[in-house]
Amino acid sequence: MSEPLRLGVIGLGRAFMLMLPTFAHHPLIRLVAAADPRSEARRQFEADFSTPELAARAYDGVEALCADGAVEAIYIASPHQLHLEHVRLAAGRRKHILVEKPMALSIADCQAMIASARAGGVHLLVGHSHSYDAPYLKAAELIRAGRFGRPRMIAATNYTDFLYRPRRPEELDTSRGGGVVFSQAAHQVDVVRLLAGGVVSSVRAVTGRFDPARPTEGAYQAFLTFCGDASATLTYSGYGRYDTDEHLGWIGELGQRRDPDGYGAARRGLAQVSTPEGEAALKNARTYGVAKGVVSAPAAAAGHNHFGHIVVSCERADLRPMADGVMIFADDRRWLEPLAVPDVPRAEVVDELYAAVKQNIAPLHSGEWGMATLEVCLAILESAASGREVVLEHQIAAAG
């Protein structure tokens, strides 16, 4: 068996909770250290991941974690605005890096992060985004094989209850990385970029702020053109009404079985609190060190992770990635290219990180990839504010 990658974690918050089933159960990962300001999270980490052979260590400062000689790579799950500082600290100690999306909140910060990783001689990966998910990777593989011709048009739609899940104040402040464009478009843009196989050349978009009590973008629509004649329409709403999981057989974004009778649960839960402090406390109740049972074997998945309803129209077929595979709609028949239900959720993230660190295989989701996705997200906001199309100069220039 291959030697596991020894991983440290910066930030034991909600993003870590979502990746925890992957890190805890993937055979190629060993969680050895973490940094978090919360003492209860640090105690939980040391209790969960210490073994007779190696004691897991938890620090209250990032510098100490980055100096830990047992750590080979670091997963950065701190608030968006701290990513640059933490990448610099990790790269300065020659630690390979997996940084949560969005990579940063500005192109300048992305460029500085890429430069820091290059100077440190380490790999920089960005994720998790849903473009790591097996159905999208399989669809991209089928497209690249050329059997169905070039991708020409993509329709991507996702309706969720994102905006009514418990949030900290900064998560409702666009200037600090809040709202669905930074958090959710980072997934959707990544997926369509993967499937289109080209560089985004322009963006035309509108955004929606439909609830004054949630003062940030809760919805957007965007039209993307790619170098190479492909285009994509993106629709996202986080207002907790219609739910596109209906199109996925009520298999949720994380591959779990959904109850369609749970309509409005997020709104009802939020209605129990009346202050920002109360909402933050409700969110904290779901964080590591407070929520229990999160390191036990993951519940059996109903399917793969996904990000809503997506159709790719190629020249000779339409492809629809789903939770159980990829449906192919050709001229004379339709069929499913099936994917086995995963034993470990989001295993593709670890597979790509491990290949980069241990085998020096250049990752798809590199710093440059993450910066290109952020450029599209920023263009969505800019286009919505100006009412004009935005040309993506950095992305076009990088593609030559």
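The values are calculated or read from the model by the stated rules, or taken from the named source; none is laboratory data. Since the structure is predicted, the reported quantities are computational estimates derived from the model, not experimental observations. Neighbour counts are summed over all protein chains in view; Cβ atoms, including those assigned to glycine, are modelled from backbone coordinates with ideal geometry. In case anyone asks, the SASA skips ligands and DNA or RNA and just uses the protein heavy atoms, side chains included. Shrake-Rupley method; radii C 1.70, N 1.55, O 1.52, S 1.80 Å.
Ordered by residue, what ³J(HN,Hα) values in Hz, to whole numbers, does the stretch 97-104 give under the Karplus form 6.51 cos²θ - 1.76 cosθ + 1.60, where θ = phi - 60° and Gly and Pro are x?
Coupling constants for the stretch 97-104: 9, 10, 10, 4, 7, x, 3, 6 Hz.
Give the long-range amide H neighbours of LYS101: residues separated by 5 or more places, or on another chain, with amide H under 5 Å away, using H modelled in the peptide plane at 1.01 Å from N.
Those lying under 5 Å, H to H, from LYS101 are GLY127, HIS128.
By DSSP, what percent of the beta bridges with both residues in the stretch 213-355 are antiparallel, rounded to the nearest 5?
Working: 21 of 22 bridges.
Antiparallel: roughly 95 percent of the beta bridges in the stretch 213-355.
Residue by residue through the stretch 244-249, which ³J(HN,Hα) values in whole Hz follow from phi under the Karplus form 6.51 cos²θ - 1.76 cosθ + 1.60 (θ = phi - 60°), with glycine and proline marked x?
6, 4, 4, 7, 10, x
Accessible area of the stretch 255-400 with a 1.4 Å probe: how many percent of it is carbon plus sulfur?
Answer for the stretch 255-400 is 53 percent, counting heavy atoms of protein chains only.
May I ask you to rank THR157, THR275, THR244 by accessible area, largest first, using a 1.4 Å probe over the protein chains only?
THR275, THR157, THR244
Quick one: dipole size for the stretch 134-287, taken about the Cα centre, charges +1 on Lys/Arg Cβ and -1 on Asp/Glu Cβ, in debye to the nearest 20.
Computed charge dipole of the stretch 134-287: roughly 340 debye.
Helix by helix through the chain, keep the DSSP H runs that span 27 Å or more along the axis on Cα and average at least 0.0 on Kyte-Doolittle, and give those back in order.
Long hydrophobic helices here: 367-386.
Nearest 5 percent is fine: what portion of the DSSP beta bridges confined to the chain is antiparallel?
Around 60 percent of the beta bridges assigned by DSSP in the chain are antiparallel ones.
Could you derive backbone 3J(HN,Hα) for the stretch 317-334 from the dihedral phi with the Karplus parameters 6.51, -1.76 and 1.60 (θ = phi - 60°), listing whole Hz in sequence and x where the residue is Gly or Pro?
Calculated HN-Hα couplings, in order: 5, 9, 10, 10, x, 9, 6, 10, x, 10, 7, 10, 10, 9, 5, 10, 6, 10 Hz.
Once you wrap a convex hull around the alpha carbon atoms of the stretch 206-246, what is its projected area averaged over all directions, in nm²?
Working: hull surface 15.7 nm².
The directionally averaged projection comes out at 3.9 nm².
In the chain, with Lys and Arg counted as +1 and Asp and Glu as -1 at Cβ, which of these residues, TYR236, LEU18, ALA47, has the Cα nearest the positive end of the dipole, that is, farthest along it?
Farthest towards the positive pole: ALA47.
Beyond 19 Å, what share of the Cα-Cα pairs of the stretch 208-345 remains, rounded to the nearest whole percent?
Value for the stretch 208-345 (Cα pairs over 19 Å): 68 percent.
Rounded to the nearest 500, what is the chain's calculated 222 nm mean residue ellipticity when only DSSP H runs of at least 4 contribute -39500 (n - 2.57) each, over all residues?
Result for the chain, helices only: -9500 deg cm²/dmol.
With a 10 Å cut-off between alpha carbons and a GNM built on the chain, which of ALA140, ALA35, ALA265 moves the most?
ALA265
Report, please, the projected area of the stretch 115-256 averaged over directions, based on the convex hull of its C-alpha atoms, in nm².
The directionally averaged projection comes out at 10.9 nm².
Step by step: find N for the stretch 1-76, compute 2.2 N^0.38 Å, then divide the Cα radius of gyration by it. What's the final number?
Normalised by 2.2 N^0.38 Å, the Cα Rg of the stretch 1-76 equals 1.00.
Picking from GLY238, GLY269, GLY120, which is most flexible by a Gaussian network model of the chain using Cα springs under 10 Å?
Most flexible of the set in this elastic network: GLY269.
Running a GNM on the chain with Cα contacts under 10 Å, which residue among LYS358, LYS138, LYS101 ends up with the highest mean-square fluctuation?
Top of the fluctuation ranking is LYS358.
Provide, for q = 0.17 Å⁻¹, the log10 of I(q)/I(0) from a solvent-free Debye sum over equal Cα point scatterers in the stretch 224-290.
-0.86
With a Förster radius of 30 Å, plug the Cβ-Cβ distance of ASP60 and GLN81 into 1/(1 + (r/R0)^6) and report the FRET value to the nearest 0.05.
That pair, ASP60 with GLN81, gives E of 0.95.
Compute the distance in nm between two label points, each set 7 Å from the Cα along the Cα-to-Cβ direction, one at THR51 and one at GLN111.
That separation, rounded to one decimal, is 4.4 nm.
Could you tell me what % of all Cα pairs in the stretch 123-183 have separations over 15 Å?
70 percent
Report, largest value first, the span of the C-alpha coordinates of the chain along each principal axis, in whole Å.
The principal-axis extents, from largest down, are 60, 51, 42 Å.
Mind checking the per residue accessible area of the stretch 113-185 for me, 1.4 Å probe, whole number of Å²?
Result: 34 Å² per residue.
So what is Rg over Rh here for the stretch 287-400, counting just Cα atoms and using Kirkwood for Rh?
Over the Cα atoms of the stretch 287-400, Rg/Rh equals 1.06.
How far apart, in nm, are two points set 7 Å out from the Cα along the Cα-to-Cβ line at ALA299 and at ALA119?
4.6 nm
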